[in-house]
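Quick notes on the structure that follows.
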Amino acid sequence: MHNFLKQYIFRAIKPYGTFAAVLLTYVTSSLLHGLNFQLWATLLTIGVWSYVEYNMRNKLAQIFSACVLVNRCTKTCTKHHLGHNKLLTLFINVIFSVMCIINLAYLGAIFDASSQLQTEGFSFKHTLDKWYKLDYISHWLLLLGYIFNWII
């Protein structure tokens, strides 16, 4: 499925813009998983997060000349002055790792394995109620990440 989405959706749409390609890829993936709001909301959030993170990492890699790209540089990277083991590079990668952990825990909170509804899919209200109880923290971080990306 990953290869299909990458080749026939993402790469076909990418000439029209990366955001459109990411969005359409995750919407297609959501539709292939069925019309389940819980999965749709999760996949769409992951898609937007991946777009913002990709752009932030590219900009930070250019600004600091550091190996912090989404696609890891080779061990003998000649494009960046700050390699994998430099303090700033490690700090930036740890920050993105922590954001990823928070995001995945937040998104996973809506999947309640102890409930009978798990096999049928949870409702729109269930998903939003769970996120409301968590103060929409991942979505706020996403907005802050987008603003930071826009500023830099």
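The values are calculated or read from the model by the stated rules, or taken from the named source; none is laboratory data. Quantities reported herein were computed from a predicted structural model and do not represent experimental measurements. Cβ placement follows ideal geometry from the backbone for every residue including glycine, while neighbour counts extend to all protein chains displayed. Just the protein is used for accessible areas: all its heavy atoms, side chains included, with ligands, DNA and RNA removed. Shrake-Rupley method; radii C 1.70, N 1.55, O 1.52, S 1.80 Å.
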Among the numbered criteria (1) surrounded by 15 or more Cβ atoms within 10 Å (Cβ to Cβ); (2) in contact (Cβ under 8 Å) with a residue 40 or more places away in the chain, which single criterion is violated by Phe64? (2)
Answer from Lys59, Lys14, Lys75 - the residue that is basic (Lys, Arg) and not in a helix (DSSP H, G or I): Lys75
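Take Trp40 and tell me if it is within 17 Å of the chain's Cα centre (by Cα) and without any contact (Cβ under 8 Å) to a residue 40 or more places away in the chain.
Yes; evaluated as a whole, the condition is true for this residue.
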Among the numbered criteria (1) in contact with a His (Cβ under 7 Å, 6 or more places away or on another chain); (2) modelled with pLDDT under 85, which single criterion is violated by His81? (1)
Could you tell me how many of the residues in segment 15-31 are open to solvent by 90 Å² or more (accessible area, probe 1.4 Å) and farther than 23 Å from Asn103 by Cα? 2
Of those in segment 11-44 that are of a type in the set (Val, Ile, Thr) and over 24 Å from Gly108 (Cα atoms), the residue modelled with the lowest pLDDT is Thr18
Just give me the residues in segment 1-10 being aliphatic (A, V, I, L, M) and at pLDDT 90 or above, in sequence order. Leu5, Ile9
Among residues of segment 132-152 being part of a helix (DSSP H, G or I) and among the aromatic types (Phe, Trp, Tyr), the residue nearest to Trp49 (Cα to Cα) is Tyr146
What is the one condition in (1) farther than 26 Å from Trp131 by Cβ; (2) touching a Gly at 6+ places or on another chain (Cβ under 6 Å) that Ile9 does not satisfy? (2)
Only one of Ser97, Ser30, Ser50 is closer than 23 Å to Phe124 by Cβ, free of Cβ contacts under 8 Å to residues at least 60 places away in the same chain and either assigned to a loop (DSSP other than H, G, I, E, B) or within 19 Å of the chain's Cα centre (by Cα) (or both), namely Ser30
